Structures are given as structure tokens and as C-alpha cells.
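Structure provided below as C-alpha cells; questions to follow.
The values are calculated or read from the model by the stated rules, or taken from the named source; none is laboratory data. This is a predicted model, so every value here is computed, not measured. Ideal geometry is used to build each Cβ from the backbone, glycine not excepted, and the neighbour counts take in all protein chains shown.
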Amino acid sequence: MANHEQTTVDPPVDERATVAARPVPVWRKVRLDRLGALVVPVIVFIAWQLAAMAVGDVAMVTPAATVAALIDGFTSGWLTPSLAITVRVAAIAFAVAAVLGLWAGFVLGLGRFWGTVMEGPLLWVYSIPKVTLFPIFLLFLGLGDRSQVAFGAFHGFFPLTLFVLNGIKAMSPVYVKVGRVYGLGRWKTFSRVVVPATLPSTVTGLRYCFSLAFLGVILGEMFAARQGAGHLLIQAMGLRQLERVFAIALALVLVALLVNALFIVAERTVAARRGQTGAVTS
Amino acid sequence: MNRLATRKHGVGTARLFIVVGFLVLLEIGPRVWGSNSLAIVPLSVMVLQIVEFFSTGVIWRHLTATGSMVLTAFLLATTSGLAIGYALWRNRRLSRMLNPYLTSYYALPVFAFYPALIGIFGVNRVPIILIAWAWAVVAVIVNTVTGFSKIKDSHHKLTRVYRLNRWQAFRRVQFPAAAPFIFNGIKLAVTYSIIGVVASEFILAPEGLGWLVSFHYNNFGVSEMYGAILLIVVLTMTITTLVSAAEHRIRTAG
């Protein structure tokens, strides 16, 4: 190599002897904080087990007994129908809240004046204990599914509207102006510019919308319903069937976390896509 | 700039119109359409009910019960939230470990734990305060962590230039810098404490404002029920407005 024209400098050490070339042991490759995140449920489990052992099984149920009761609930069927009812009602409530919330959020967000005006009342309603309004739904819509769906939708509507509204407000006005430069009509501006630009906050809003709609349905069932997981919860508590109480709560938590995880995946996909297209982020 | 100024007044008056319009509807609507007064009563009847609550003195026991529980839950949530938030901010690894759980925390149907807590502690204040604390504390934690993480490098360098010890650095530089977010967390803690307590009372409790609504509903006392609901709404809005005003006052003074 020294015979040719010396345009490069020989490295002082042979490349194969450098640290970068050394094989990395497996445990170094695993991201420690990802592992750490999995530690949390384990710690919660252990703390729960210790607390149950300390308090005694008159008042508290161990994790093992809860899981056993949960499985029993599905196999012997005392839990499945009620849970299915709750999930179905929550899904419908979420759909209603999503449609209304998206519409209201976009209309208010794009109409600058009314958006600012309505944000105040929306925040007010968001901060009152909405459960206390549930009897109004019962009085108007009766004791059946309709009041449950309506109340769940009512619960989920407000965070979604607020998220979409704030997402549009945070959007740089440059985007709309670029749309005008390209001569995009109103609908095209909306679908090609506004929607993609506000997609992250919209997806987060939908996530909160489902969580709160689900919670609203559960609360409604706990107060006044003749079916559903919330009702089952109160019934089991009244009968002092503590394993069932814990098992139903665990089932509801698992459902909520599962759907939430799906939304988080959607959020991450949206965020990743934005990065790839190199969109101008504010 | 002038346009913005007039817009601001427009916003205020528009909101006033909406609120007043809603109240008028609430008064006239039931009288005109609601001949079956089993579903709703006029606004004036609701207000009269509230007056009666106070004049008969029925309300005080519930007001103090709810008020004391809200206060306890709020103080617990704020102190523990600030402490945990500060500890998380100091410990980056712990922060990263807990972060996914904190962002998804409000997906948990926390009130589903209420019957379980009743099973453990009985039907008294403890489960209610615990649920309200659980509902409020994470908002404080998240806002505290965010607030402290927004402290600029220049602030950190300032503490080193003046050679402040940890307590001085916290009190003089870090806390004031993080204050906006921390106050936002405290505002949320007020709201969430109220929601947590009243919602739990509504489902099952020995007494309280939330219990009052469910009691009257179950006993077909429609006007009393609406009176209790109106009272809760008015109290909540008043407290929220006062907290916002206090925040504004502190911000502009400091």
C-alpha cells in the first residue's frame, strides 16, 4: 500500500483490534430501561401479595386467588356475559363520542372565534363531577342501554373535543397558507393539510375518549343497571364475594389497558410516519 | 392588534350569552315542554331547593363531609405528587422506567377499585379519600416532572455560579422556574379531588353531596335531586374559578 500515492493515513492500530469490533455481549444489547419498565408490574404484584398476606384474607385477596377467580369467571361463565355487555356498550359509546367529538373539535378549531368562545364552557363541564349528572340521563332515557351509551358518550366527548381543538390551535398557520398557494379547495385543505397536521393530538384525544367513555359506562353500571360488569361489581361487593370483586376489577383494568395499548401503538405509528416524511414540525 | 382587542370582548360577551341562554332554557323549557315534571324541573325550583337545604340545615353535614374529604385528598395528592415528581426528576432512570405507566395511567378505570377498597376498609371515608388521591396524584406527578424538566441550563449554571446548596437551589431557582407547570398540576389536583370524592360518594357512601344526589334520585325526590346537582355544579365551578384567579394573581405578582 505504501507504494501507491499516499492519500490516506494508515491507522495506528489494526481495525480488528479496536473496541468497536469486539463482539458485544447480549446483556449489553438489551436496553436497561425497557427491562426496567417491565419491573414495575412485578413490583406491584409483589407489593399486592405482601399487603394481602399482612391484612389477611378476610379483607383482601391475594394476586393468585384473584387470577384464579378471573379464570374461573371465564371458564364457568359468571363473568363473560357481563364483561361482554360492558365492552359492547363502551364501544358504542366511544363510537358516538368519537363522531361527535371529532366533528365538534374540528368545527370549533377551524372557526377561530367560536373555538375560543366554547373552550371555556367545555373546560367547565369537563371539570365537574359528571357522574352526578347521570340521573338526568336516567330520567330522560330510562334504565336501559340507551342511558348508559349516552352517558358514556357524554363522558368521552369532552376530552376529545378539547384535544382536537387544541391540536388545531397549535398547528402552524403556515400550513393553511401553503394550501392556499397550491389552490386547494376547502375540503382538500381540510383532508390534505389540517387532518394530517393534527393527527397526533387527534389520536391522543381518541385514546382519552375511549378511556373516559369506558369509565363512564362502568360508573353508570355501578350506580343503576341490571347487567354489565359494573353492576356485577356492586353485586359481588354486597354479597361479600371479595375474590369476585378483585377479579372483576382486574378484568376491567386489563381490557382498558389492552385498548389503551392499541391506541399507543397507533400514536407511535403516526409519530414515526411524520418523522419519515420529514414534515415540518412546529 | 386592535382586532384582537375587540375579539377578546366578543369572546366574553359570547360566552355570557351562551351561559345566560342556557339558564333561560333551563327555566322556561321544563315549564313549556316538561309537563311530566318527573324528568326535570325549572331552574327556579332547583334554586329554591338549595335555599331550603340551607334553611333547614340539612346540607351542612354533607357539605362538611365532602369538603373535608376533598381537602384531605387534595393535600395528600399535592404533597405526595410533588415529592414523587421531584424524586422522579432527580432520578432519570426511574423516570424512564415509569414514564409509559404515567402517561397511560388515566386509562385505568380507577373507580373499578372502589368496591375492592370498600371490601378492605369498609363503607367510610378511607376508600373515598384513597380513590380521590389515586385519581389526582398522577396529574400532579406528571406536571411536576414536566415542570422541573423545563428548567433551562442557564438556571442550572446560575446555581453553580452562586454556589447554592441543594435546598437553596431548589427554593430560589428550580421551584420558581418549574412553578407554572406545578401550578397547573395543583389546579388539576383540585378538580380531580372533587371529582374523585363526589363520584365515589355518588356510588356508595354514608353521606356527602354526591350521596345526596343518589339518595334523592332513589327516593323520587326529583326537585331535591336537581337542587343537589345544581349545588355541586355551582360549588365546583366557583372553586375552579377561584383557583384559576389565585394562580393568575400569583403569576402576575411574581
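Residue-wise test of (1) over 27 Å from the mean Cα position of the chain (by Cα); (2) surrounded by fewer than 17 Cβ atoms within 10 Å (Cβ to Cβ).
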| position | (1), (2) |
| --- | --- |
| A:Ser127 | no, no |
| A:Leu138 | yes, no |
| A:Val164 | no, no |
| A:Pro173 | yes, yes |
| A:Leu215 | no, no |
| A:Phe223 | no, no |
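Taking the options A:Val39, A:Val58, name whichever one is out of contact with any Phe, Trp or Tyr (no Cβ under 9 Å at 6 or more places or on another chain) and outside any helix (DSSP H, G or I).
Of the residues listed, the single one that is out of contact with any Phe, Trp or Tyr (no Cβ under 9 Å at 6 or more places or on another chain) and outside any helix (DSSP H, G or I) is A:Val58.
Matching residues to (1) more than 10 Å from chain B (Cβ to nearest Cβ); (2) within 23 Å of B:Val123 (Cβ to Cβ); (3) assigned to a helix (DSSP H, G or I):
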| residue | (1), (2), (3) |
| --- | --- |
| A:Pro196 | yes, no, yes |
| A:Thr202 | yes, no, yes |
| A:Ile218 | no, yes, yes |
| A:His231 | yes, yes, yes |
| A:Ile234 | no, yes, yes |
| A:Phe246 | no, yes, yes |
| A:Ala251 | no, no, yes |
| A:Ala261 | no, no, yes |
| A:Arg268 | yes, no, yes |
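Give segment A:123-144 a look and list any residue that's more than 10 Å from chain B (Cβ to nearest Cβ) and at pLDDT 90 or above, or say none.
A:Phe137
One line per residue, one yes/no per condition, for (1) touching an Asp or Glu at 6+ places or on another chain (Cβ under 8 Å); (2) surrounded by fewer than 22 Cβ atoms within 10 Å (Cβ to Cβ); (3) touching a residue at least 12 places away in the same chain (Cβ under 8 Å); (4) not in a helix (DSSP H, G or I):
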| residue | (1), (2), (3), (4) |
| --- | --- |
| B:Ile131 | no, no, yes, no |
| B:Ala134 | no, yes, yes, no |
| B:Ile141 | no, no, yes, no |
| B:Thr146 | no, yes, yes, no |
| B:Phe175 | no, yes, no, no |
| B:Ala178 | no, no, yes, no |
| B:Thr191 | no, no, yes, no |
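Okay, residues lined up against (1) assigned to a helix (DSSP H, G or I); (2) out of contact with any Ser or Thr (no Cβ under 7 Å at 6 or more places or on another chain):
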site: A:Val67; (1), (2): yes, yes
site: A:Ile71; (1), (2): yes, yes
site: A:Trp78; (1), (2): no, yes
site: A:Val87; (1), (2): yes, yes
site: A:Val96; (1), (2): yes, yes
site: A:Gly105; (1), (2): yes, no
site: A:Gly109; (1), (2): yes, yes
site: A:Thr116; (1), (2): yes, yes
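Same structure, new question: Taking segment B:147-206 as the region of interest, how many residues are under 30 Å from A:Ile234 (Cβ atoms) and more than 14 Å from chain A (Cβ to nearest Cβ)?
Of the residues in that region, 1 qualify.
Please return the ranges of helices (runs of 4 or more DSSP H) entirely within segment B:34-122 where 1 or more residues are in contact (Cβ under 8 Å) with a residue 12 or more places away in the chain and closer than 30 Å to A:Val253 by Cα.
Once the helices (runs of 4 or more DSSP H) in segment B:34-122 are filtered for at least 1 residues that are in contact (Cβ under 8 Å) with a residue 12 or more places away in the chain and closer than 30 Å to A:Val253 by Cα, what remains is B:59-90, B:92-103, B:114-121.
Further, regarding this structure: I'd like to verify a number: residues in segment B:157-173 that are surrounded by 14 or more Cβ atoms within 10 Å (Cβ to Cβ) and in a helix (DSSP H, G or I), how many?
6
Among residues belonging to segment B:218-240 that are farther than 20 Å from B:Leu43 by Cβ and β-branched (Val, Ile, Thr), point out the one that is modelled with the lowest pLDDT.
Step by step, filter segment B:218-240, then rank; the result is B:Thr240.
Next up: B:Asn218 passes all but one of (1) crowded, with 16+ Cβ neighbours inside 10 Å; (2) closer than 28 Å to B:Arg31 by Cα; which number fails?
For B:Asn218, the failing item is (1).
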